[in-house]
Every structure is written in C-alpha cells, then in structure tokens.
Amino acid sequence: MRVVQKYGGTSVGSVERIRAVAQRCLATQRRGHEVVVIVSAMAGETNRLLARARAIAPEPDERECGVIAATGEQVSVGLLALAIQALGGKAQSFLGHQVRVLTDSAFARARIRDVDGARITRALSEGTIAIVAGFQGTDEHGNITTLGRGGSDTSGVAVAAALKADVCEIYTDVDGVYTADPSVCPDARKIERISDEEMLELASLGAKVLQIRSVELGMKHGVRIHVRSSFNDNPGTWVVPEEGPMEEVLVAGVTCARDEAKITVLDVPDLPGVAAAMFKPLAEVGVVVDTLVQNLGADGRADVTFTVPRGDLKRAVATLKAECRDLVKGGVQADDSYAKVSVVGVGMRSHAGVATRMFELLAAEGINIAMISTSEIKISCVIEAKYAELAVRILHAGFGLGQPPAGTRPKAARPRRATPRARSRAPR
Ligand code: ASP
Ligand code: MG
C-alpha cells in the first residue's frame, strides 16, 4: 500500500516526539508499505514565528509572513529525516517548492492548484521515506505561499490525492473526531466513522481537528482519511462518504466557534442592491460574513445583523464606514463576544424536530439565542460567548451523545440531564 501520514505540531513537538514519529514511519515501511510523511511545524512554532513578525510590523505583509512561517515546517522535515536516518532508515525531506506544491498567490491562505508527485515517487521507488513540509507551497512565480492555519492537513490530503495513496492518516494528539470537544464534555465519545459531509460541517463550525479545505479536497478526490493519535495505536475516526444511516444517530456531534463578532447596521433602506452594496466591500477586503439576518421595519427600512470572525471586526466596521457612508448613517453596532454552537448530523435530513429540541434545551438553561442558521444537516445558534461551554454540554447531553457513566445501562432513551457543572443557569 501507499500510505500518507500527516503529523501535527504536538506529534513532532519535541526531539523525543520526532524520534517516536520516525519509529512509526519505519514500522509502517517495514510492514511493506510506501511511506510519504507530511509534517507541521513543532507545536507552538508557527505562533512564535508570527508573533515575531507582528512585533516588527503590527500588520505584517502577508508574503513576508509566509516566508517566515514556512520555516517552521522546514525545520520539522529536516529533523524527521535525520531521526529516520539515525534509526538506520532512508529518508529525504522536501519543501513545498521542491515537490512543487503549486498554489495560487493568496499568500496567507493559498489554495493548492496542483501537486507534482514525480520527485516523491522517485524517492519511494528507491525505498526512501519522503518527508514533505506541510502548510507551504509555491505560486507560479516561485514565491513561497502558505495555506492558512492548520494547512498541513490540506497538504497531506493533496499529496495523498496526487499520489493516489491508499490512505491518508492524519496523526494528532487526540484519538480521533469526538462527539464534542472532550475538554468541554468529559463524556464525549470518539466517533468511529463519520460522513465526509458531517466532517465538513464540523470543521467549518469550529472543530479544529481537520482544516476545512482538507475535507473538501478529500471528498473531491475520494481520499480515505483516518484521523488518529500519534501517542498510541488505537484506531481513530474514518471520514467516509455517506452510506445510509451512519451510527443510527440524529446528531453526530456538537461543536462551537468561540470567536464570533456580531455587527448590526441599523435603519438601512429596504431596496434592491443594498445588501450587495454592503457586503461587496467586505468581501473585497477578505472578511467572511457568516450568519446573517435582516429585520424589516414598517417604513421600508431594515436592520441587517451578521457575524464575522472576531479578528476581522475592526476591519469590517472600518470598511463599512469608509465604503458605505450613506448606508451606515443609521448607526453600526458591534459586539465581539459571541459564539456559535451547532449540532450536526445527516440524520436531520429525514427527521424533523431537531431544531425545536435544540431551542428547548437552550431555553431550559436560560440561554438566549441571538441568531439561528440552518443547513440540511446542521443547526447553528449564535449566543453570548460566556455561555458557549454550557451550551455545548447541555446539547451534547440533551441529544444523548455522551458515554454512559461506568456501571449504568447503555445510552438512556430519555435525554439525560446536563453534567452538574453545566447546570448553573444563565441569567435571562
Ligand atoms: N504550522 C501551521 C499552523 O500552525 C500549519 C499546521 O500545523 O497545520 O497553522
Ligand atoms: Mg491541525
């Protein structure tokens, strides 16, 4: 088999961890497989590098940021190659431009256009383990580009697709994809198989385990993705195409994006072209607008409310004030302390009532819903950020997703109460 293994930052976070990864790569090769490895920067390294860039320039140029940040992965590939060699194996490192991971020129969030597998397959045919730097590529002019935070996942899946690998193993520090973040819900369960569409929703709604684009790319090219831990040999979570009822569950997981900001533009005319005039300048400066509602007033006026990532709030407000001077005359309200909790599951396609249940569960804890958005397989509620964890816990429990406490019967038919910690009520 041809196996692509991607190791995240914590998996290569120290010299000892890099040795452990080297051993795992060699063990895989000894089982008769061709092994291609994608690595991230050592844990914390990308943040450290970007912090240095920002210490020099508060809003650093994105091309130069990429030049700096990409060094994190350059160090990792070199160290891992040395570690494999030290154990008697054959390994060679490759940077993005050496493989040629060709991307567009959107420096800090480049998209992969093509991966040339020739140098990697040559290495493989010589029995060498090919180690490819994640997160980085090169554009058609030879500039270094980076794929956005978490981008090594996408590098892994793109290389797996280009090499027609039999599997793309994504190694991380947790055992797989969980029904909720285990640090928030201690009784969260590892999901054995999750449909690619559910995974895509979870990734876009705040689950950090896979970069969204890696899931998209995997779906497009039919890459078999196995998310698992580099700290043990437990089977992880397989991301698979939807195949009828998955685990016979309505809701596969609960997730939360904590860094939402809410903007309300008050009293805009209710006329064709107004939304376009407001959102086009935002798109042009790269602000991704999420949940969006418009309240119609009686007199042909409307209030438009939407969320943006917290880090983009200032830029979004400044852009609106500069580009839509007439439209924002009625006032712009901005609040940066919101979160979006979501429940995701393909079971919702064929079952009504999930939304109602979600609203009831939140209401029972006195959590106010500011905005709601839905798709065929997810329901999201924007709530105050301070209730985010409470909301995740009560939804996780309310949809019966937790592991039954030891010594009790399997999953209760009736939704169980929230964990004691979750029981504190939000004031109305
Ligand atoms: N090192 C990069 C980051 O921290 C890419 C990755 O780890 O996936 O975002
Ligand atoms: Mg990651």
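The values are calculated or read from the model by the stated rules, or taken from the named source; none is laboratory data. These numbers were taken from a predicted model, which means no experiment stands behind them. So basically every Cβ, Gly included, is an ideal-geometry build from the backbone, and we count neighbours across all protein chains shown. With ligands, DNA and RNA removed, areas are computed over all heavy atoms of the protein, side chains included. Shrake-Rupley method; radii C 1.70, N 1.55, O 1.52, S 1.80 Å.
Details
- When residues in the stretch 376-396 are screened for being in a helix (DSSP H, G or I) and at pLDDT below 95, 0 of them pass.
- Residues that are more than 26 Å from the chain's Cα centre (by Cα) and surrounded by 22 or more Cβ atoms within 10 Å (Cβ to Cβ), drawn from the stretch 24-45: Glu34
- The stretch 132-165, residues that are charged (D, E, K, R) and more than 16 Å from ligand 2 (Cβ to nearest atom): Asp139, Glu140, Lys164
- Among the residues of the stretch 1-18, just one is more than 23 Å from Ala162 (Cα to Cα), touching a residue at least 40 places away in the same chain (Cβ under 8 Å), more than 15 Å from ligand 2 (Cβ to nearest atom) and open to solvent by 50 Å² or more (accessible area, probe 1.4 Å), namely Val15.
- Looking only at the stretch 191-212, and only at residues there that are more than 18 Å from Ala180 (Cβ to Cβ) and within 8 Å of the chain's Cα centre (by Cα), the one that is surrounded by the fewest Cβ atoms within 10 Å (Cβ to Cβ): Ile212
- Between Val99, Val21, the distinction of being closer than 20 Å to Asp173 by Cα, more than 21 Å from the chain's Cα centre (by Cα) and open to solvent by less than 10 Å² (accessible area, probe 1.4 Å) belongs to Val21 only.
- When Asp267 is tested against (1) more than 25 Å from the chain's Cα centre (by Cα); (2) assigned to a loop (DSSP other than H, G, I, E, B), just one condition goes unmet, and that condition is (2).
- The stretch 134-166, residues that are touching a Phe, Trp or Tyr at 6+ places or on another chain (Cβ under 9 Å) and away from ligand 1 (no atom under 16 Å from the Cβ): Asp139, Asn143
- Subset tally (residues that are farther than 19 Å from Thr10 by Cα and either within 16 Å of ligand 2 (Cβ to nearest atom) or in a loop (DSSP other than H, G, I, E, B) (or both)) for the stretch 179-202: 13
- Screening Ala123, Ala108, Ala160 for residues that are of a type in the set (A, V, I, L, M), at pLDDT below 95 and in a helix (DSSP H, G or I) leaves exactly one candidate, Ala108.
- Among the residues of the stretch 371-401, those identified as touching a Ser or Thr at 6+ places or on another chain (Cβ under 8 Å) and surrounded by fewer than 21 Cβ atoms within 10 Å (Cβ to Cβ) are Met371, Ile372, Ser373, Thr374, Glu384, Ala385, Lys386.
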